[in-house]
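Data first, discussion second: the structure below is written as structure tokens.
The values are calculated or read from the model by the stated rules, or taken from the named source; none is laboratory data. All of these numbers come straight from a predicted model, not from anything done at the bench. FYI the Cβ positions are ideal-geometry reconstructions off the backbone, even for glycines, and counts take in every protein chain you see. Note: areas computed on protein heavy atoms with side chains; ligands, DNA, RNA excluded. Shrake-Rupley method; radii C 1.70, N 1.55, O 1.52, S 1.80 Å.
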Amino acid sequence: MDQWGSTGRSQVRHGCTWWTGGLSWLDMRRGQPGNASQMLRRLGLGQIPLTHDAFHKLQPWRAAAHLEELSTASGVLPVVDKHICSFQRWLPGHLAGIAEPEHLKTIELFAAEQITCATAFLQWLSARNSTLASLGQLDIDAWFAENTERRRTSLRPFLNWAMQSRRCPRPLSIPAQRISR
């Protein structure tokens, strides 16, 4: 049995009809460095795993993203959030561009704290049978009353982003930050 397994082979056969539409795009890119037809050939030979993570590491990223979208639309790969995929594709290159090791460490620590706090907040909302989409002022006030100043400070950027990107239904008031000496 090959790496695809019987389910994978049937998914590939099922997806071939949808892939046909992308073949003209492949033909237009023939002869270009790192072209998509070479990626497709390497996928077929099992040299590239048929996973979202594998697509995120391929260059040029636009060709890889196109093949990933074809694979997802045809049912060969599971559906994932495009924004998350774009972020996963962007992040390694961004971090690699930070030459100063101390700066890199600082950015990684900052991001980890922000993500941890936002995750804790979303889990807290779930425990209250609420969501970001139904977030109300009472939820924000309760979170700020129950948590430390450090956690409240860490949550502010997430709440601002959620309101600006309209993940929350309306503008909400974020309690003022305490200033101490």
Q) What tally of residues in segment 73-91 results from selecting those that are open to solvent by less than 60 Å² (accessible area, probe 1.4 Å) and charged (D, E, K, R)? A) 1
(Q) Here are the criteria: (1) modelled with pLDDT under 75; (2) in a helix (DSSP H, G or I); (3) more than 30 Å from ALA111 (Cα to Cα). Tell me which single one CYS85 does not satisfy. (A) (3)
Q) Do we find a residue being open to solvent by 40 Å² or more (accessible area, probe 1.4 Å), without any contact (Cβ under 8 Å) to a residue 24 or more places away in the chain and closer than 27 Å to LEU95 by Cβ anywhere in segment 134-156? A) yes
Q | Matching entry among ALA111, ALA118 (being surrounded by fewer than 15 Cβ atoms within 10 Å (Cβ to Cβ) and either in contact with a Ser or Thr (Cβ under 7 Å, 6 or more places away or on another chain) or modelled with pLDDT of 85 or more (or both)) | A | ALA111
